[in-house]
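Each remark here refers to the structure printed beneath this line.
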Amino acid sequence: MTSPPARPPEGRPLKNPFRESTVAQLEAFDDSTQIGTGPTGAGVHIPGRTSAWLTEHIEAYLGHRGEPETRGRAIALVGEFGLGKSHLAREATRLLRKHVPPLPLWVISQPSIDMRTVYQERLTSPRDDFDAFVDFKQAITDFYADVTAEILGEDDTDRFGADRGAFLEGLRARRLDPQKIVQAFNLDEERIQHRLRRHLRGVTAHRTFAVALAQLFNRPFENDVWNWLSGGEPVAHLRERGIREPIRSIQQVFDALAVFSLVYGKSGRPYALVLDELDKTTEWPEQDRAVFINAFEMLVERYVNQGGLLLFCARPELWGRLPLSLHERVLPLWLDSWGPAETDRLIAGHVHRADRTPGAGPDGAPFAEPALREIVLQSDGVPRQILQICEGAWDQAVRREAGAREDRRPRPGPPREIGLTDVHAALRSAHGKRDMAEVAHRLQHVLAPRQWWHHMPPVSVRSLSAPREGGEPRWVQVTRRTWIALLPVPSVLAQDDVHGIQRFVDRVRSVLAPENVEVLVIVNGHACREMRNRVAEHCGTVPLVFDDPRFESMLIDGVRSLIERLRANGRNAVLGEVRDQLETIATQQAMLADRIDAVDHAVNHPRLPPPTPGPPTSDPRVPPPVREPFRQAQAALDRLLEDGVGPRPRLGPAVPGAEGAHAALPRRATTEQTTLQAMGALLYARRLVEAFREAITHWWEAGGDADGRNAQGLFTVCRSFEISVEVLPRVDTGESGPGARAGGGVEEVLTGLAEQVWFALRDGLSAEPGGAAR
Amino acid sequence: MPNANCSLFGTPPEDGHAPWPTYEPLAPWHITGHEDLWVDIDHLPNALLTFRNTMGAVARGIRPGEDGHGHLVVVSGLPGTGKSSLLHRCVHELVQLLDGFEEPADDPAPCESTASARPERPWSRRRPARSVHVVRIDGSANEGRGLGSPPGAEPFVPQYDMTVHRIAHLIVEKLCADEEFAAAWHGADRPEQPDPYLAWRRLTTTLEARGRTLVVIVPHIDWQDADIARRFLRFCYDRSTRGVVFFVETKRTDVGRDLDTFFTEKERTGITHLQTSALRPQDWGKYLRHWMEVRDIPAPKIVIHDDVLEYQPETWALLSISRLQDCLRQVSQEAVLNDEGQLRMSHVADWFEAHRPKPDAFLREPGTTRHGQETR
């Protein structure tokens, strides 16, 4: 008795659904026939932003309603490996092939230097497609009709009688058959052929193709011309007429495609060319590549100008190197990394692909949520990586669950759950197939010929151990004290792996000093962008992945760069020391110059002691009783004016700054508004005192003798002075020297002067109740 | 029922058996009496006059030998305009002229004397000329069909190298039909010369030994390429030396320009270009009147009423003499079949009306059924 066949739970697949589904390949011919029960190759299409854009452009192209010539466009799908360029191109070809009525579509899945084989064997010829063939003949017949109408328009034999206009109009309106007319009216066919060739040459810019297309109207030539257009050898009579070699070079193939573009463009119907893997050309010899790019540029121009749709795939590196004219004519659609939502849909789509029910199973089961997030992280959002990780994780989970069973046999059906450990195990298994010894050997192979190989580590770090499962660090000695450490590590999948690297780097830096060592991490396995960034953040160097096909060149470039960095570090250290010394010297020089300036100023502007009070010889007219108070007040004001208010201004060269390396700069002396106001007030006070003295003198002299002088006049003068002083702004001299009176200011000096004058002179007057003046 | 195939407006074959075929040129150098069917319509007298004037000046120089000259005669025109008949008429006149040089000096009119002493029956093969070999390339199809095509290939695709090679061989082959020439050719006991120039020189040397000139009639070859057509003209010109005259027929209307452009003035003295063109309305009556006087036409015959002579065909019908012949022949045929006794203008007018070119008769083929589209 046999057990019933196992059924997958909930419609899930028995086999790994991610196998054989990671690489999309374009098919030159439309073939939807399912042979056998193998995979359909249909893949899972997850519509994204770029996909929607592309679909929108294609539908706009197909639905164009304006002039046929204005519909042309060229679109580039630009993105890194594995982002789904080919997949999108394949979806585009499917969309184009679904169009009704069908349009001529050429698909080149991969350009090759041997373009003849591509053209002859892998490219659809108009003869392979009945509709395209009919279109082609129609378009050529249109050319023929135009030329026939042109020649008949010049004909003066009246061979059409009264219907001449109708014939010409019928030819130009594509209603009448030019060949029938030519035969019926015995027109000179060779003349028409000649004119047609000239016309076609004008539009194809290619004599050979013009001859070939013209000969398509000679029934005896037709088959041979089709053979030649399909890549065959030209027969003898075609060779005699200038078609001497088959379509085989890159230029000729693109010329042929351009001619097809021209012919179909003239027919007013859409037509398309899809070219995948343009990056293959970067591996070609320079000359072939230049020819290809030139011819491709011409083709793009033809397609855009003649109403065709040209779609091609390129990586960003190649896209950036394409000529400017292509950038102007081609619309780039950039493919971005996938986010968690798209990743989940992709995985669910594959898991539930076997269901064949649209919309079935939106969940990612059996993938656990942490596993899904980890796949998003580790895949860098690259769909191909996502599928590869999923495939490996699925197998890992199946093996894990089988290992847990007693009979060690895998359980039929999908795994119950795929967890984080399965994802990591799959990554380690897929990327950790190369031994660390191989890494060491490769490093030696690259470094030793360039004399960068140092067998032994620096003495001080010989006791350091590498991170867990890492290889033995290799050392490159740059100078006597500076080193580069090359640290091979296994896959960096989690933060623990990053910590292991960080510990090693920290210890090396602590021993050798950070400026004397650089650590370059070499990952012998997988490291996603996030992990690489984390390592780079700590090490200051981007880790290299050993599996990268450009590993050797990247290693050489990396070591060169680090050598340069270390040397620059060394130079910076020396320069720093020199700069510090120079700054110290400059500071000392500035201080000395400042002192010399001060001495020089003191010599040129000595601060002399105030003159000793002398006999009051200044003005003999001043009444004797008040001469002394006036002199004292005058002297006090003079001293204040001499000292000034605020700091004394200094001119001459400025004191050098901290750098000390600059030449002495001119100095600007500045003061404040309040200071200027105070000094003005001082000056005014002195003039006020002089005016007071003049008034007193005048009062004294006007009185003649003691009897003639009245107290009222004296009071008026003194009071005037007093109230004038009251409105003077307050002057804060800040004086604390010996010349300053304790607690006295300018106001006190002046107010005291008025009182002294009043009392001194009043006493000399006749008794008068004028004392009541106050 | 008597033989209903009317021989009117056909070309009498050798021995004149009815029915006379159509679309055959008159070849008076080959069949006696063909010259009597000649009608001087429109352009032909001028063309003949041109030929006679040119040949009159150069004919004495056309002779075999080192000091002998040759000539190239190019006859061009659209199909159905009488190129071939003109060409054969010119050949006939040249043969008569060259034979006349061989006559005794005291005979003032060799052609007429030959004609008057003609022992042949009407429409019989003419006796070979005394001084000239006439070689007609290809048969009566009057086209170079298959001449340059490889065996088994499409018959209308001429290759230049193959064509000129075959022309050289055909000339020798046809000349060898003459026993004396064959004896002289093979008697030299020289191996076949692979080099085309030396082979041709051997041929002219043999002709020189026999004192014969050579006339080669080349039909129109549809080269479908102006460059190759020019190369072929150059080939014929280069071979037209030492008593060899090439008569080349072509439908190319630009050939006159080619001759002026690609041949020097000196070279053009060895070339005569004759052109044919459309008929004039009065040629219709001229042609019919001539045919009404032709003798020896096999029965059944039909009377042509005078009103037919007054008919004026439209210009589109005058582009080709073949079209007139078609018309007259078909209406005659129908009249015979209907036992109407005579041909009337109405017959002719009806025929032309029925055959007037109408645009709707030249529509393109119905559109091929395409996926997703209805048949137009």
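For the structure I just gave you, tell me whether B:Arg257 is within 14 Å of another protein chain (Cβ to nearest Cβ), exposed (fewer than 14 other Cβ atoms within 10 Å of the Cβ) and closer than 25 Å to B:His88 by Cα. Against the criterion (within 14 Å of another protein chain (Cβ to nearest Cβ), exposed (fewer than 14 other Cβ atoms within 10 Å of the Cβ) and closer than 25 Å to B:His88 by Cα), B:Arg257 qualifies. Among the numbered conditions (1) touching a Cys at 6+ places or on another chain (Cβ under 6 Å); (2) surrounded by fewer than 20 Cβ atoms within 10 Å (Cβ to Cβ), the only one that B:Phe51 does not meet is (2). Among the residues of region B:26-36, which ones are surrounded by fewer than 21 Cβ atoms within 10 Å (Cβ to Cβ) and either under 12 Å from the mean Cα position of the chain (by Cα) or assigned to a loop (DSSP other than H, G, I, E, B) (or both)? B:His30, B:Gly33 - these are the residues of region B:26-36 that are surrounded by fewer than 21 Cβ atoms within 10 Å (Cβ to Cβ) and either under 12 Å from the mean Cα position of the chain (by Cα) or assigned to a loop (DSSP other than H, G, I, E, B) (or both). Could you say whether any residue in region A:663-671 is modelled with pLDDT under 70, in contact with a helix residue (DSSP H, G or I) (Cβ under 8 Å, 6 or more places away or on another chain) and assigned to a loop (DSSP other than H, G, I, E, B)? Yes, there is a match, as at least one residue in region A:663-671 is modelled with pLDDT under 70, in contact with a helix residue (DSSP H, G or I) (Cβ under 8 Å, 6 or more places away or on another chain) and assigned to a loop (DSSP other than H, G, I, E, B). Does any residue of region A:309-317 turn out to be under 30 Å from A:Ala173 (Cβ atoms), assigned by TED's automatic domain parsing to the domain that holds A:Val118 and touching a residue at least 24 places away in the same chain (Cβ under 8 Å)? For region A:309-317, residues under 30 Å from A:Ala173 (Cβ atoms), assigned by TED's automatic domain parsing to the domain that holds A:Val118 and touching a residue at least 24 places away in the same chain (Cβ under 8 Å): present. For region A:224-242, the criterion of being touching a Phe, Trp or Tyr at 6+ places or on another chain (Cβ under 9 Å), more than 9 Å from chain B (Cβ to nearest Cβ) and among the hydroxyl-bearing types (Ser, Thr, Tyr) is met by at least one residue.
Summed over region A:277-287, residues that are assigned to a loop (DSSP other than H, G, I, E, B) and at pLDDT below 90 total 1. Within region B:208-228, the set of residues being over 17 Å from B:Ala168 (Cα atoms) and within 14 Å of another protein chain (Cβ to nearest Cβ) comprises B:Asp222, B:Trp223, B:Gln224, B:Asp225, B:Ala226, B:Asp227, B:Ile228.
Restricting region A:106-147 to residues that are of a type in the set (Val, Ile, Thr) and not in a helix (DSSP H, G or I) leaves a set whose member that is surrounded by the most Cβ atoms within 10 Å (Cβ to Cβ) is A:Val107. One residue stands out among those in region A:186-199 that are of a type outside the set (D, E, K, R) and facing chain B (nearest Cβ under 7 Å): the one that is farthest from A:Val259 (Cα to Cα), which is A:Asn186. Could you tell me which residue of region A:363-400 is farthest from A:Thr343 (Cα to Cα), considering only residues that are touching an Asp or Glu at 6+ places or on another chain (Cβ under 7 Å), assigned to a helix (DSSP H, G or I) and of a type in the set (A, V, I, L, M)? The extreme case among them is A:Ala397. Of the residues making up region A:300-320, those that are small (Gly, Ala, Ser), outside any strand (DSSP E or B) and either over 24 Å from A:Gly63 (Cβ atoms) or out of contact with any His (no Cβ under 9 Å at 6 or more places or on another chain) (or both) are A:Gly308, A:Gly320.
Restricting attention to region A:91-120, the residues that are in contact with a Gly (Cβ under 8 Å, 6 or more places away or on another chain) and of a type outside the set (Val, Ile, Thr) total 5. Residues that are under 16 Å from B:Arg364 (Cα atoms) and either under 60 Å from the mean Cα position of the chain (by Cα) or more than 7 Å from chain B (Cβ to nearest Cβ) (or both) were ranked within region A:150-175; the one that is surrounded by the most Cβ atoms within 10 Å (Cβ to Cβ) is A:Leu171. Selection over region A:435-455 of residues that are under 17 Å from A:Gly525 (Cα atoms), within 36 Å of the chain's Cα centre (by Cα) and exposed (fewer than 14 other Cβ atoms within 10 Å of the Cβ) gives a count of 0.
For region B:213-269, residues that are under 30 Å from A:Leu213 (Cα atoms), at pLDDT below 95 and of a type in the set (Val, Ile, Thr) total 7. Of all the listed residues (A:Val542, A:Val459, A:Val511), the sole one being without any contact (Cβ under 8 Å) to a residue 24 or more places away in the chain, under 22 Å from A:Arg565 (Cα atoms), β-branched (Val, Ile, Thr) and surrounded by fewer than 18 Cβ atoms within 10 Å (Cβ to Cβ) is A:Val542. If the condition is being of a type in the set (Asp, Glu), surrounded by 11 or more Cβ atoms within 10 Å (Cβ to Cβ) and without any contact (Cβ under 8 Å) to a residue 12 or more places away in the chain, then region A:561-592 contributes only A:Glu564. Every condition in (1) closer than 30 Å to A:Arg97 by Cβ; (2) assigned to a helix (DSSP H, G or I); (3) of a type outside the set (Lys, Arg); (4) within 14 Å of chain B (Cβ to nearest Cβ) is met by A:Pro270 except one, and the failing one is (2).
The values are calculated or read from the model by the stated rules, or taken from the named source; none is laboratory data. No experiment lies behind these values; they were computed from the predicted model shown. Note: ideal-geometry Cβ built from the backbone for every residue, glycine included; neighbour counts use all protein chains shown.
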